[in-house]
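Working notes, beginning with the structure itself.
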Amino acid sequence: MTCVDRRRKVKKAAIFCAVLSFLMLAGCKEKTTQEFPDSPMPGMDAQNQYLCAGIINFQETEDFFCGTNMDRMQLQYYDKESGASGVLCPDPACNHDTGDCSANIGGNSLSVYDGKFYWVAPKGIREMALYRSDLSGTNREELRVLDPNKVITPYQPQWYMVHRGNLYFLGRANIVEETRNRQRITLQTTPLEGNEDFSILYQEIFDAGSEFSVRFVGNYVYLSCVSFEAAGGPFDITIIRYNTETQTGEELYTEKGVSRYLGKIWVTEQGEIYLPGAGEGKAYVWKIQNGQRKELLSWEDGDDSPPDLLDEVVVHMTRKGYTRWLNVMDYTGKILYEGKLFPEPVPGVEGDPGVFGDPQAQGPEYGFALVGGDSQKLIIHLTAFQESGGDYTLMLDLTDNLKPTVLWSDMENG
């Protein structure tokens, strides 16, 4: 149950048509009237650092963290200054146990955008809708309904993102084509308000397995698609960039037959692209320059698991015996932390979440995932396999020997 376990048995893939499809479709979309500067816009840009796992909702503002537990039903918060946390509901008389509670969102892919919350949640039996509220959870409004016949059923959106005035979704749908089971991957977008249909930025049908990552930088959307025939590769990869201002796309890098496992890309604010990988006992970080993959970092890795790339940091989680182990470095290779994932007990968490598979361990055993982070902190999600444990969202302080802080949990809020 980690972000780095990406091995699956599959059949065969074709990537060349995906690039053609992307470029042709991108050129057909009409230009919108809204314009943004080609520079970072905090509060208006998608939070790439929390697009890692996709298993829970998580966002950050200058003053607080917010998100949900694994069930994605109820908004939680953690105030950075006071350390107060709880259900994000302004009504002191509310018990937070009914659908009327303003913290109940019942959906996924929470975004903080322009001082508001945005999320997509079910409406009725088959429809989904885009909602917006104040950061207190009040003044909720429905912005648009996502047509089940045009969007939900054919494309099966997996997660949604808000960036610079538009709603994006990445869909993965199983389809039958000429008696064959195939997989359709789609990236689409539409303005946040109004009734304009979604526009397809990328779409391709695969016979084989595929992994995708999306990053938003200024007025660009970067899409990395990796496809593979079998669990151990070889892997084909293409990285495409879409310009939201000119409504055009271009292929930045493509390579077939890569013998290493490939992870999710990171793109800096300057447009530098980094690609993680692993194989044959080593982990790698490559930089994509002038259409080529150039090795930036490499180190010994017994798990053959690609690292996770975040803003200014490379995060690599492995195991030593029964102990979960963490290596964190910057993009020059400087070690920022190396040691146990949890070097000290986690307050309020039963047992030792840093141990897995040990028959002598006391307390529940936990699955974990990296939600995201940066050079100051990592956000980790823990879920106990036993009923006696709980569901926790933690912050690990990279500036203080990974000191843990429980941001919220279902043990506290029911």
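The numbers here are math on the coordinates, done by the rules we state, and not lab data. No experiment lies behind these values; they were computed from the predicted model shown. Don't worry about glycine lacking a Cβ; one is built from the backbone with ideal geometry, like all the others, and counts go over all protein chains shown.
The convex hull around the C-alpha trace of the chain, projected and averaged over every direction, spans 20.6 square nanometres. In the elastic network of the chain, a GNM with C-alpha springs shorter than 10 Å, the most mobile of GLN386, GLN183, GLN376 is GLN386.
Sum up the charges of everything whose Cβ sits under 10 Å from the Cβ of ASP301, counting Lys and Arg as +1 and Asp and Glu as -1, but leave ASP301 out. So the environment of ASP301 carries a net charge of -3. What separates the Cα centres of the range 266-330 and the range 100-142 is a distance of 35 Å.
Calculated translational diffusion coefficient of the range 199-281 (20 °C, 1.002 mPa s; Stokes-Einstein with Kirkwood radius over alpha-carbon pairs) equals 158 µm²/s. Here is the link list: LYS282/LYS340; LYS287/LYS377; LYS294/LYS334; LYS294/LYS403; LYS80/LYS334. Which ones come out longer than 26 Å on Cα distance? The answer is LYS294/LYS403; LYS80/LYS334. For the range 237-332, the fraction of alpha-carbon pairs lying more than 24 Å apart is 26 percent, rounded to a whole number.
Give the whole-number value, in cubic angstrom per residue, of the convex hull volume spanned by the C-alpha atoms of the range 55-202.
Once divided by residue count, the hull of the range 55-202 is 126 Å³.
Over all other residues within a Cβ to Cβ distance under 15 Å of LEU402, the charged ones net out to -2, with Lys and Arg as +1 and Asp and Glu as -1. Using C-alpha pairs under 8 Å with a sequence gap of at least 6, the mean separation divided by the residue count of the range 217-302 gives a relative contact order of 20 percent. When GLU387, GLU245 are sorted by how many other C-beta atoms sit within 10 angstrom of their C-beta, beginning with the fewest, the order is GLU387, GLU245. Between ASP397, ASP91, ASP303, the residue with the greatest mean-square fluctuation in the GNM of the chain (Cα pairs under 10 Å linked by springs) is ASP91. Helix-only arithmetic for the chain: the sum of -39500 (n - 2.57) across DSSP H runs with n ≥ 4, divided by the residue total, places the mean residue ellipticity at 222 nm at -1000 deg cm²/dmol. Rg and Dmax of the range 180-225, based on Cα coordinates, read 13.1, 40 Å.
Here the relative contact order of the chain, from alpha carbon pairs under 8 Å that lie six or more residues apart, stands at 14 percent. Taking the range 359-387 and a reference point 7 angstrom along Cα→Cβ of LEU336, the backbone N atoms nearer than 11 Å belong to 373-379. For the range 108-254, relative contact order (Cα pairs under 8 Å, six or more residues apart, normalised by length) works out to 11 percent.
Separation of the range 344-384 and the range 58-79, taken as the distance between their Cα centroids, equals 19 angstrom. Using the Cβ of LYS340 as centre and a radius below 10 Å, the other residues enclosed give a net charge of -1, where K and R count +1 and D and E count -1. Over the range 121-264, the pair-distance histogram of Cα-Cα distances with 5 Å bins from zero comes to 2, 8, 16, 19, 18, 16, 11, 6, 3, 1, 0 percent, rounded to whole numbers.
Could you list ASP134, ASP236, ASP197 so that the one with the fewest beta carbons within 10 Å of its beta carbon is first and the one with the most is last?
Working: ASP134 14, ASP236 23, ASP197 10.
With the fewest neighbours first, ASP134, ASP236, ASP197 line up as ASP197, ASP134, ASP236.
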